[in-house]
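Okay, structure first, notes after.
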Amino acid sequence: MSPRVVEEGQPISVEVTYQYDCREDGTRQVDLLYVVENNGQLRAESGKLRNNLVNALQNLALAVDYRNGSRFGMIWIGCNWQGIVPLNSGKDHYEGWLRQISSIRGQMPGGVNFGSAMRAASGDLNNLAKEKPEGIPPGVMLIIDAGSIECVGVPAPQDDASVGDACNAAKSEKNIVILVALQASQGRLNGCNSRGWYFRSSSEAGNDLPGLFTQIRDQLLEGKKPQTTAYNDYLQPAYFQYQDLSGIPRDPDTVVFGTDLAWEENVSRSNPRASFRYTYKVDTLQGSGGIITPITIDPGPDLQYYYANGTSDQLLLENETVCIYRPGRRDQDCGAFESGMTATVVAGHQTATARALPIDTPTTDPGSVTETPTIEAPETDTPTPDLPTETDEPPATDTPTPQDTPTTTVRPGLVFMPFALAAHAMP
C-alpha cells in the first residue's frame, strides 16, 4: 500500500496480486457401488426419466479411473434386490459395469425395499475393505430413489432391515452415502445420506440430472477441487472507506457498508491455473488523524479457496500499518512512525554496502581497484592513501558511510502479496 503516512481525508492505494495452480493428474481412487431403484417408475414421462438417469450414471462412471485401483459395482432394487455387478476392479470389470448401466430399463417388478438392498450394499463395501491413502473414502454407496411405493410382505431374508436402521448402519461403518432423490420420491429418504451428499431432482423427466451428477463427480472424484477463489478486505470502519469506482480491473463484486470488500473468481476445469491483480483506493475519514493503525480489521485481509466438496481454506495476508496525521501536524502525529521506517531503510542499506567484493585476492589488479567507486577517496588536497594489501588493515576513514539520510519513507511501490497454491495442496 502507498503511502503509509497520509493526511486525513487523503486516499491510500492498495494492490494485491495472487496466483493459483490447481492442476491435477487423474482422479481420486474410489470404491463406488450404485444402488438403483430400477422398476416401472423409471418409465415415466415416456421413458425420458430413464434416459436422463442412465446418461447421468454413465457420465459419472466414465469419470472413474479403473487404472488407479478404483472398484465399482451395482445393485438393482425392487421388492427384492439383485446384485447385478459385484464390487471389483480392472478393465474388463469396468466395461461390464458400463454395459449393465446401459441395460437399466425399469425391469424389476413391484415397488421398492431400500432396507435390505442397503444392507447388502454395505456388506459388499465392507467385505472388500482395504487400507487406503489418507483422504480416500472407504466406500461410496450411491442410492437412486425413484419414488416407488414401499413393498409389503417381502420374503425372508430380504425383509430383515428397516430403512432407518440400514441408513444408520451404512454411515456408522464410515461409508459415504450419496442420495439422489428423483422428483416422485419427494425427498422421503433425506437424512439417510451422509452430510453434504443429498441431491434432489426438481424435474419429472429428470432433465436436471446431468447437472446434479456433474456436482457429484466433482465432489467425489476431484476431492478438494477449488471452484471459487475470493480476495477479502475488511476495512476499519472508524478510519477508512472504499473509494467508489477506484477498483482496477473492476470494483469489488461485493461491497458491504463501504468497508467489507470481496473479489471472486471462478476456477474453471479448462483453466486450472491463473493470476489476478487488483488495485483500489481507500479513503481516510475526516477526524481520523493522529492514529497509527492497519487499514484492515485484525487479523487482516485474506484469500479464500472454496472447494467442490464444500470445504474451504483461508490464507491470511500481511496487515501493514499506516499513520494518519492531522492537517499541519505530520511531525507531531507521525514523526516517530516515519523515523522507525527510516531506520529500517538505513539499516538495510548499510547491510547491503557491507557485502563488498574481497580485496585480498592475489590476482586483483590495483589499477581496477583504484577505480572502484565504493573505496575511491574524495578529491582533496590530501594525497590518496595507498590501497590495502593482503596484510594491511583498511583504514577506518575508507569505510563508506551514507551521505544523505532520507527524510521520507523509501518505498518500492505498492504492496505485492503473492500467493501460489501448488497441486500438492489439492488432495
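Bear in mind that the values in this text are calculations on the coordinates, not laboratory data. Bear in mind that the values here come from a model prediction, so they are computed numbers and not experimental data. Methodologically, a virtual Cβ is constructed for each residue, glycine included, from the backbone with ideal geometry; neighbour enumeration extends over all protein chains shown.
Observations
- With a Förster radius of 22 Å applied to the C-beta separation of residue 274 and residue 246, the computed FRET efficiency comes to 0.45.
- The length gained by stretching the chain between residue 320 and residue 254 to full extension, at 0.36 nm per residue less their Cα-Cα distance, is 21.5 nm.
- Other residues with beta-carbon under 9 Å from the beta-carbon of residue 228 carry, at +1 per Lys or Arg and -1 per Asp or Glu, a net charge of -2.
- At full extension, residue 67 and residue 304 could sit 82.0 nm farther apart than now, given 0.36 nm per residue minus the alpha carbon distance.
- Whole-percent pair-distance distribution, where bins are 10 Å wide, for the alpha carbons of segment 31-221: 9, 40, 39, 11, 0
- DSSP beta bridges in segment 163-278 [antiparallel fraction, %, rounded to 5]: 75 percent
- Gain upon complete extension [residue 228, residue 266; 0.36 nm per residue less C-alpha separation]: 13.2 nm
- Three-way shape label, segment 1-68, alpha-carbon gyration tensor, a/c 1.5: prolate
- Likely footprinting exposure, 318, 264, 338, fewest C-beta neighbours within 10 Å first: 318, 264, 338
- Taking Cβ atoms as reference points and 12 Å as the exclusive limit, the residues near residue 85 contribute a net charge of -1, counting Lys and Arg as +1 and Asp and Glu as -1.
- Inter-label distance, nm, simple model (7 Å from Cα along the C-beta direction), residue 168/residue 21: 5.0 nm
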